[in-house]
Amino acid sequence: MTNPRSLLRPAVGMLLAGTFVLAGCAATPAAAGGDDSEADVTITVTDMSYQPAEVTIHPGDTVEWVFDDGGLPHDVSGLDEMEGVLQSDLMTEGTFTFTFDEAGTYTYTCTPHPMMLGTVVVEAP
């Protein structure tokens, strides 16, 4: 007769493997604010700067930041009225997206490198 525990071992192994796969997916930064739309503008975080440093968009447009600075950790951290609203995790790679809904000029920085500054200008249509 087959031991019931021997039947459980493969099932437990598959369950654990699936958990690790899903955990790896969850660790990848996703769109901010539940926005899954494609980016209208892309900013690259490289060479200790945001490139381009200033972009102009329209309300409802999505900006994507691509982190590619040789493993150096950076983030996108809103200043003034965007403090705590425009905020990515500290990242060495991957992307962060944010959709700007209202016209205005929004400045952001990198928390560990405050000399890094960027601006998003949202022009009314």
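Of the residues making up the stretch 52-74, those that are under 19 Å from M115 (Cβ atoms) and touching a Phe, Trp or Tyr at 6+ places or on another chain (Cβ under 8 Å) are W65, F67, H74.
Applying the condition of being over 14 Å from the mean Cα position of the chain (by Cα), assigned to a strand (DSSP E or B) and not hydroxyl-bearing (S, T, Y) to the stretch 42-67 and asking which residue is farthest from M91 (Cα to Cα) yields I57.
What are the pairs, 6+ residues apart or on separate chains, where a residue within the stretch 82-105 that is on the phi > 0 side of the Ramachandran plot and part of a loop (DSSP other than H, G, I, E, B) has its Cβ under 8 Å from a residue that is surrounded by 14 or more Cβ atoms within 10 Å (Cβ to Cβ) and not basic (K, R)? Pairs found: G84/G78.
Tell me, which residue of the stretch 31-41 that is modelled with pLDDT under 95 and assigned to a loop (DSSP other than H, G, I, E, B) is farthest from A124 (Cα to Cα)?
Going residue by residue through the stretch 31-41, those that are modelled with pLDDT under 95 are 31-38.
Adding the requirement that they be assigned to a loop (DSSP other than H, G, I, E, B) leaves 35-38.
Values: D35: 20, D36: 23, S37: 20, E38: 20 Å.
Looking at residues that are modelled with pLDDT under 95 and assigned to a loop (DSSP other than H, G, I, E, B), I get D36.
Here is a yes/no grid of residues against (1) under 21 Å from D40 (Cβ atoms); (2) aliphatic (A, V, I, L, M):
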{"residue": "G60", "(1), (2)": "yes, no"}
{"residue": "V63", "(1), (2)": "yes, yes"}
{"residue": "P73", "(1), (2)": "no, no"}
{"residue": "E81", "(1), (2)": "no, no"}
{"residue": "L86", "(1), (2)": "yes, yes"}
{"residue": "T92", "(1), (2)": "no, no"}
{"residue": "F96", "(1), (2)": "yes, no"}
{"residue": "A103", "(1), (2)": "yes, yes"}
{"residue": "V121", "(1), (2)": "yes, yes"}
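If you go through the stretch 45-63 and keep only what is crowded, with 17+ Cβ neighbours inside 10 Å and of a type outside the set (V, I, T), you end up with S49, Y50, D61.
Condition check for T92 on (1) of a type in the set (S, T, N, Q); (2) under 23 Å from H58 (Cβ atoms); (3) surrounded by fewer than 16 Cβ atoms within 10 Å (Cβ to Cβ): one failure, at (2).
The values are calculated or read from the model by the stated rules, or taken from the named source; none is laboratory data. These numbers come from a predicted model, not from an experiment. Virtual Cβ from ideal backbone geometry, glycine too; neighbours counted across all protein chains shown.
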